[in-house]
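See structure below.
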Amino acid sequence: MKPDRRFWLGDGRDDLLFRAGLFGVCLAMALLAFTPGISFTEDLGRHILLGKITLQNFSVPDTNLLSYTHPDFPFVNHHWGSEVVLYLLHEVLGLNGLILWKMAMLVAALALAWFTVRPQRGMAWYWLLGLLAAIVLGYRAHIRPELFTYLAMAAYLFLFEQVRKGSKAARWWLVGIAFAWANLHIYFMFGLGMAGAFLLERLAADRSRDNLIGEGRWFGLMVLVSCVNPNLIGGLLYPFQIFSNYAFPVIENESPWEMGSKVLNPMLLTLPVVSAIVVVALFQLLRHYWHSSIIKVAASLIKRDAKVEALPFRLANTIIAATALIASWWMARSAALLVLAALPLVAEALSVPRRPRERTLASRVGLKPARVQTAQRIAGPLLVGLFNLWLVVATVEGSYSRGFPSPIAPTPFGFDDYRRYQTLKPLLAAGLRGPFYNDYNIGSLVEYEIWPQKGYADNRPEAFPASFWQQEYLPALSMGNTFDRVMQGRAINAIVVSFSGVKEYFIRELQARPEWTLIHVDDLMGVWVRHTEANAHLIAPLVWNEERKIGYDRQIAQRINLLPEVPWYRRNVVMSNITYALYAQHCIGDSDRMWKHLKRLHDMYPDDQDVIELMRVAVPRSQLYLVENLMRKRARWPLSARHTIDWGNYLARNGKLKKAREVMDRGRWFFPGSWTLQRDRKKIIAQLEQKEKRILKAKP
């Protein structure tokens with residue numbers, strides 16, 4: 001049985017709306033995904049390197065071979081296939097080609113989910129959900145193996161629908177995707193859960209012996225091909241064990257509640273709306289089909305040979321959406337699963353025929369159905385069109401990324417420059433040698449650049465013993481005795497750290513130690529070498545003296561001068577890089593030179609969050625009034641709990657306790673779960689009460 005031709009070709013005005021919505025939503029998705037993200041600095045370098053090693057050796061590494069600290073620690077590489085693909089794509093397309101590939105992957109996933117089930121009415125609601133889905137997927141728009149999960153999940157939903165329509169080939173496609181998914185990303189286990197939900201749907205529809213055997217064989221084959229990975233059954237079960245050795249806090253693994261207590265971003269603002277729509281859709285489906293579903297399922301369970309031709313609704317889609325809803329509120333990184341599952345579920349809910357006596361909301365308030373339908377047809381295109389128009393303008397001039405943290409820092413739009421990620425290559429050619437010490441944030445990039453030398457740590461918490469993070473790495477960042485023991489015990493010769501990863505205190509403490517000499521600074525990292533005779537050939541020409549500081553300052557000034565001439569598809573990224581270059585200048589103690597550039601950048605981009613945050617931490621006393629105004633404005637509509645906390649404490653330190661309490665009280669509406677805000681609010685209240693008691697005692 002072939003799929004219904006009308007599903008693809010459609011008919012009339014509704015088909016035009018459906019396809020126009022698809023185009024608009026996909027355009028929005030492409031624009032939201034047009035970001036370099038944090039891919040290369042955090043993950044991409046390691047993925048490309050491991051893909052190269054896998055191809056060269058024709059075997060998948062099963063230990064943490066990129067780090068000298070624990071090179072023999074067992075590591076289950078559940079995304080080796082993605083790494084091979086990323087390496088090959090990078091060799092052919094380059095970094096900016098990978099950005100275009102990422103955009104295509106997200107667009108394809110969203111389009112498949114959109115096409116899975118076609119709504120029969122309420123197209124405006126479906127268009128709205130499509131836009132919300134694009135926003136949530138944009139939050140995870142990084143060049144990572146999880147892109148394969150999004151496409152595979154959407155393909156599962158689409159192929160399930162084709163099986164319902166009678167396609168036999170769709171089952172074989174599902175088996176093939178299951179095999180690939182098990183070697184591409186750890187979320188393949190969610191795919192097996194989807195297959196299990198579809199198995200329940202098929203068995204509930206037909207409990208006959210033949211169907212039971214056939215469906216059981218199919219599901220068994222799905223499980224079997226998922227075991228075809230380098231670790232066999234161990235790889236199949238690994239998703240249930242990964243968090244048993246996860247001792248490093250990762251913000252994307254927090255729940256939306258936890259993340260929302262610190263920051264607000266487009267995903268956190270969108271997720272509650274999507275969740276509400278999903279809950280309403282689930283309720284609508286269960287309410288409408290309750291009696292017929294219970295009768296049919298009960299009949300199939302009581303009488304073994306009873307056959308139900310078709311369930312009144314898609315049971316698998318309901319189970320998948322409900323599971324994704326729970327997963328998204330348990331871990332923020334799973335929010336993308338919810339929006340992909342939501343589209344076919346809501347489309348089905350919008351296709352449920354109304355009961356003859358059921359009165360619509362429009363009829364209850366006296367509106368004519370024809371006018372409501374016309375309004376919906378206008379509302380959907382208008383909403384998508386306006387959103388896309390705004391996104392085009394925002395992408396060209398970069399305003400969208402400057403306002404929202406994702407998850408904390410703004411993510412710039414545009415293409416990147418691959419040369420930025422070749423910092424260490426010239427230093428290595430000049431004789432830079434390890435052992436290296438690096439921070440978590442930039443570990444993968446360091447490993448990518450210095451291989452076959454090895455790094456200290458990277459951003460795989462599960463690839464190191466928990467004791468390493470708890471007893472060595474995190475304590476060493478405080479620059480106390482543990483840091484000294486690590487430097488001596490591991491015979492560290494070079495330190496490579498990201499300024500945004502270790503912050504000002506670490507850098508300035510390191511600068512104060514005469515045994516370490518700074519030889520390189522850029523917007524990504526700083527490089528120090530031990531002050532020894534063996535490193536004299538590096539220190540002599542590269543030491544960061546006054547001459548180098550002046551040269552770095554001139555380079556920043558030149559980059560700002562040329563910023564208006566940079567093409568729009570790179571300008572926002574270059575501007576973000578300049579901001580981080582200024583932060584590096586501040587960290588190494590050159591704040592006086594940095595401030596004039598920062599103020600100029602603020603004049604050009606007055607709403608950029610990174611610029612404002614840097615102004616707050618680096619402001620000279622003579623310019624304090626300017627930052628006061630910025631802090632006041634940010635606390636009025638805060639995107640971070642820190643905006644409220646800093647402004648409230650600033651007012652309290654200046655004796656304005658009543659205004660400080662008002663700021664804190666208002667901030668509780670934005671971040672009710674922030675324990676830091678609650679703690680500082682209580683302190684201010686206590687100070688205010690003590691002040692009032694002193695005033696009362698002073699009165700005669």
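Residue 537 is checked against (1) assigned by TED's automatic domain parsing to the domain that holds residue 488; (2) modelled with pLDDT of 95 or more and fails just one. What number does that condition carry?
Every listed condition holds for residue 537 apart from (2).
Is it the case that residue 685 is more than 30 Å from residue 401 (Cα to Cα), touching a helix residue (DSSP H, G or I) at 6+ places or on another chain (Cβ under 8 Å) and not basic (Lys, Arg)?
In short, yes.
Any residue in segment 662-685 that's in contact (Cβ under 8 Å) with a residue 40 or more places away in the chain: show its pairings with residues that are loosely packed, with under 15 Cβ neighbours inside 10 Å at Cβ separation under 7 Å, as long as the two are six or more apart or on different chains.
673/257
Return a yes/no flag: does segment 199-214 have any residue that is touching a residue at least 24 places away in the same chain (Cβ under 8 Å) and among the acidic types (Asp, Glu).
So far as segment 199-214 goes, yes, one or more of its residues are touching a residue at least 24 places away in the same chain (Cβ under 8 Å) and among the acidic types (Asp, Glu).
Restricting attention to segment 409-430, report how many residues are in a loop (DSSP other than H, G, I, E, B) and surrounded by 14 or more Cβ atoms within 10 Å (Cβ to Cβ).
Result for segment 409-430: 10.
Against the definition (of a type in the set (Lys, Arg), buried (at least 23 other Cβ atoms within 10 Å of the Cβ) and either modelled with pLDDT of 90 or more or assigned by TED's automatic domain parsing to the domain that holds residue 384 (or both)), how does residue 13 come out, yes or no?
no
Among residues belonging to segment 408-442 that are without any contact (Cβ under 8 Å) to a residue 60 or more places away in the chain and not aliphatic (A, V, I, L, M), point out the one that is nearest to residue 391 (Cα to Cα).
The residue in question is 419.
Checking residue 37 against (1) modelled with pLDDT of 90 or more; (2) within 21 Å of residue 135 (Cβ to Cβ); (3) not in a helix (DSSP H, G or I), only one condition comes out false. Which one?
Unmet condition: (1).
Restricting the search to segment 498-533, which residues are in contact (Cβ under 8 Å) with a residue 40 or more places away in the chain and more than 21 Å from residue 555 (Cα to Cα)?
Correct list: 501, 502, 503, 504, 507, 508, 511, 529.
Among the residues of segment 164-203 satisfying the criterion of being assigned to a helix (DSSP H, G or I) and among the charged types (D, E, K, R), which is modelled with the highest pLDDT?
Going residue by residue through segment 164-203, those that are assigned to a helix (DSSP H, G or I) are 164, 169-181, 188-203.
With the extra rule that they be among the charged types (D, E, K, R), the set shrinks to 164, 171, 201-202.
Numbers: 164: 92, 171: 95, 201: 91, 202: 91.
Looking at the filtered set, the residue picked out is 171.
Which of the residues belonging to segment 99-141 are without any contact (Cβ under 8 Å) to a residue 60 or more places away in the chain and among the charged types (D, E, K, R)?
None; the set is empty.
Can you tell me which of 630, 582, 614, 601 is in a helix (DSSP H, G or I) and at pLDDT below 90?
Result: 630 is the single residue among 630, 582, 614, 601 that is in a helix (DSSP H, G or I) and at pLDDT below 90.
Is it the case that some residue within segment 215-236 is basic (Lys, Arg) and either in contact with a Lys or Arg (Cβ under 8 Å, 6 or more places away or on another chain) or closer than 30 Å to residue 399 by Cβ (or both)?
Checking segment 215-236: not a single residue is basic (Lys, Arg) and either in contact with a Lys or Arg (Cβ under 8 Å, 6 or more places away or on another chain) or closer than 30 Å to residue 399 by Cβ (or both).
Among the residues of segment 439-452, is there at least one that is out of contact with any Ser or Thr (no Cβ under 8 Å at 6 or more places or on another chain), surrounded by fewer than 20 Cβ atoms within 10 Å (Cβ to Cβ) and not assigned by TED's automatic domain parsing to the domain that holds residue 71?
Yes, that holds for at least one residue.
Can you run down the residue pairs with Cβ atoms below 7 Å, 6 or more apart or on separate chains, where the first is in segment 381-401 and without any contact (Cβ under 8 Å) to a residue 12 or more places away in the chain and the partner is outside any helix (DSSP H, G or I)?
So the pair list comes out empty.
Mind checking which residues of segment 61-74 are surrounded by fewer than 21 Cβ atoms within 10 Å (Cβ to Cβ) and closer than 23 Å to residue 232 by Cβ?
61, 62, 63, 65, 72, 73, 74 - these are the residues of segment 61-74 that are surrounded by fewer than 21 Cβ atoms within 10 Å (Cβ to Cβ) and closer than 23 Å to residue 232 by Cβ.
Which residues, taken from segment 615-646, are among the hydrophobic types (A, V, I, L, M, F, W, C) and over 14 Å from residue 668 (Cβ atoms)? Step through it out loud before you land on a result.
Residues of segment 615-646 among the hydrophobic types (A, V, I, L, M, F, W, C): 615, 617-619, 624, 626-627, 630-631, 635, 637, 639, 641, 645.
Matches in segment 615-646: 615, 617, 618, 619, 624, 626, 627, 630, 631, 637, 639.
Looking at 384, 346, 352, 372, which is the one that is touching a Phe, Trp or Tyr at 6+ places or on another chain (Cβ under 9 Å) and either modelled with pLDDT under 80 or outside any helix (DSSP H, G or I) (or both)?
Testing whether each residue is touching a Phe, Trp or Tyr at 6+ places or on another chain (Cβ under 9 Å) and either modelled with pLDDT under 80 or outside any helix (DSSP H, G or I) (or both) leaves just 352.
Test of understanding: among 431, 403, which residue is of a type in the set (Gly, Ala, Ser) and modelled with pLDDT under 90?
Being of a type in the set (Gly, Ala, Ser) and modelled with pLDDT under 90 holds for just one of 431, 403, which is 403.
If residue 244 meets every condition in (1) under 30 Å from residue 168 (Cα atoms); (2) without any contact (Cβ under 8 Å) to a residue 60 or more places away in the chain apart from one, which number is that one?
(1)
Only one of 160, 179 is within 27 Å of residue 281 (Cα to Cα) and hydrophobic (A, V, I, L, M, F, W, C). Can you tell me which?
160
Of all residues being modelled with pLDDT of 95 or more and in contact with a Leu (Cβ under 7 Å, 6 or more places away or on another chain) in segment 204-226, which is surrounded by the fewest Cβ atoms within 10 Å (Cβ to Cβ)? Just the residue, please.
Top of the filtered list is 223.
Pick out the one residue from 85, 92 that is over 26 Å from residue 226 (Cα atoms), in the same structural domain as residue 165 (by TED's automatic domain parsing) and assigned to a helix (DSSP H, G or I). Show your work before the answer.
On the way: 85 fails: over 26 Å from residue 226 (Cα atoms).
Sole residue among the options that is over 26 Å from residue 226 (Cα atoms), in the same structural domain as residue 165 (by TED's automatic domain parsing) and assigned to a helix (DSSP H, G or I): 92.
Would you be able to say whether some residue in segment 614-634 is assigned by TED's automatic domain parsing to the domain that holds residue 666 and under 24 Å from residue 257 (Cβ atoms)?
Yes, the conditions are met somewhere in segment 614-634.
With aliphatic (A, V, I, L, M), more than 30 Å from residue 590 (Cβ to Cβ), out of contact with any Phe, Trp or Tyr (no Cβ under 7 Å at 6 or more places or on another chain) and free of Cβ contacts under 8 Å to residues at least 60 places away in the same chain as the only criterion, which of 630, 624, 696 stands out?
Unique residue meeting the criteria: 696.
Give me the residue from segment 227-253 that is assigned to a loop (DSSP other than H, G, I, E, B) and at pLDDT 90 or above and, out of that set, surrounded by the fewest Cβ atoms within 10 Å (Cβ to Cβ).
Looking at the filtered set, the residue picked out is 228.
Go through the residues of segment 158-179 one by one and say whether even a single one is touching a residue at least 60 places away in the same chain (Cβ under 8 Å), closer than 30 Å to residue 90 by Cβ and under 25 Å from the mean Cα position of the chain (by Cα).
No, because not a single residue in segment 158-179 is touching a residue at least 60 places away in the same chain (Cβ under 8 Å), closer than 30 Å to residue 90 by Cβ and under 25 Å from the mean Cα position of the chain (by Cα).
The values are calculated or read from the model by the stated rules, or taken from the named source; none is laboratory data. As the structure is a computational prediction, the values presented were derived from the model and not from experiment. Cβ: placed from backbone, ideal geometry, glycine included. Neighbour counts: every protein chain shown.
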